[in-house]
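Engineer: The structure under discussion is supplied below as C-alpha cells; questions concerning it will follow.
The values are calculated or read from the model by the stated rules, or taken from the named source; none is laboratory data. Everything numeric in this text was worked out from a predicted model, so none of it was measured. Methodologically, a virtual Cβ is constructed for each residue, glycine included, from the backbone with ideal geometry; neighbour enumeration extends over all protein chains shown.
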Amino acid sequence: MVAGQAFDLAHEDHPLTLDQLEAMHCHKTGALISASLTLGAQAADCQDQQVLQDLSRFGRIIGLAFQVKDDLLDIEGDTLTLGKPSGSDLARNKPTYPALLGLQGAKDKLLSLQAQAHTCLHSYGSSSSALLALADYIVERDH
C-alpha cells in the first residue's frame, strides 16, 4: 500500500499508461480492501484457500472500481456533494481513468469491474450478498 501511494505521489505531474495506473491502484485501494477481506476471513478461521483467493481478487477489483468511480466523480460530481472541489484531480494534473480512456471508456471500465466483482463471488450464493451490495454501492455512489 505504501509503495502504491509513493508511486502516486512521485508521478503526480507525469503521464501514466493505463497499466501503470491500474498497478498503482491495485497497490493502494485494491490492496487495502483485499487485505481487509482476507484478514477478516482468516480471523473467522477460514482456511479454504479458494475462498481467500476469491476474496483477495474481489478486493482488488472493487478497489479499482472505487478509484475509477472517484475519477468520474471528480469530473461529474458537484463540490457540495463531494466535499472537495470538483476537478481537483485535473487541476493537480493527476493521472485518471477518464483522461486515459475518455469519459465513456471510464464508465464502461467501471461497469466491467462491477460485473467482474459479481462473477468473482457468484458461486457463494446468498452468503456473498453483503459484499456484492458493497461492490454495487461503490459503483453507484455519488460521493
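Engineer: Of the residues that sit in the range 78-110 and are surrounded by 12 or more Cβ atoms within 10 Å (Cβ to Cβ) and among the charged types (D, E, K, R), which one is nearest to L21 (Cα to Cα)?
Structural biologist: K94
Engineer: On the basis of being in contact (Cβ under 8 Å) with a residue 24 or more places away in the chain, buried (at least 18 other Cβ atoms within 10 Å of the Cβ) and out of contact with any Ser or Thr (no Cβ under 9 Å at 6 or more places or on another chain), does I138 make the cut? Let's see the steps before the verdict.
Structural biologist: On the way: in contact (Cβ under 8 Å) with a residue 24 or more places away in the chain: yes; buried (at least 18 other Cβ atoms within 10 Å of the Cβ): yes; out of contact with any Ser or Thr (no Cβ under 9 Å at 6 or more places or on another chain): yes.
For I138, the condition - in contact (Cβ under 8 Å) with a residue 24 or more places away in the chain, buried (at least 18 other Cβ atoms within 10 Å of the Cβ) and out of contact with any Ser or Thr (no Cβ under 9 Å at 6 or more places or on another chain) - is met.
Engineer: Please pick out the residue among L72, L121 that is in contact (Cβ under 8 Å) with a residue 40 or more places away in the chain and surrounded by 13 or more Cβ atoms within 10 Å (Cβ to Cβ). Spell out the reasoning first.
Structural biologist: Working: L72 fails: in contact (Cβ under 8 Å) with a residue 40 or more places away in the chain.
Of L72, L121, the one residue that is in contact (Cβ under 8 Å) with a residue 40 or more places away in the chain and surrounded by 13 or more Cβ atoms within 10 Å (Cβ to Cβ) is L121.
Engineer: If I filter the range 37-52 for residues that are over 29 Å from S123 (Cβ atoms), aliphatic (A, V, I, L, M) and more than 13 Å from the chain's Cα centre (by Cα), do I get at least one hit?
Structural biologist: The answer is no, given that none of the residues of the range 37-52 is over 29 Å from S123 (Cβ atoms), aliphatic (A, V, I, L, M) and more than 13 Å from the chain's Cα centre (by Cα).
Engineer: Six or more apart or on different chains, Cβ under 7 Å: which pairs go from a residue in the range 39-60 that's over 15 Å from A117 (Cα atoms) to one that's crowded, with 19+ Cβ neighbours inside 10 Å? Could you list them?
Structural biologist: A41/L55
Engineer: OK, next. Taking helices (runs of 4 or more DSSP H) that do not extend beyond the range 37-143, which have at least 1 residues that are of a type in the set (V, I, T)? Working first, answer last.
Structural biologist: Working: elements: 49-76, 79-82, 88-91, 97-121, 129-140.
The helices (runs of 4 or more DSSP H) meeting that bar are 49-76, 79-82, 97-121, 129-140.
Engineer: Could you check the range 1-59 and list, in sequence order, the residues that are within 22 Å of P95 (Cβ to Cβ) and among the basic types (K, R)?
Structural biologist: K28
Engineer: Give the residues of the range 5-31 that are in a helix (DSSP H, G or I) and surrounded by fewer than 19 Cβ atoms within 10 Å (Cβ to Cβ), sorted by residue number.
Structural biologist: Narrowing the range 5-31 to residues in a helix (DSSP H, G or I): 5-10, 18-31.
Within the range 5-31, Q5, A6, F7, D8, L9, A10, L18, D19, Q20, A23, C26 meet the criteria.
Engineer: Here is a further query. Looking at L103, L64, L52 in this structure, which one is modelled with pLDDT of 85 or more, aliphatic (A, V, I, L, M) and under 20 Å from G4 (Cβ atoms)?
Structural biologist: Answer to the selection: L64.
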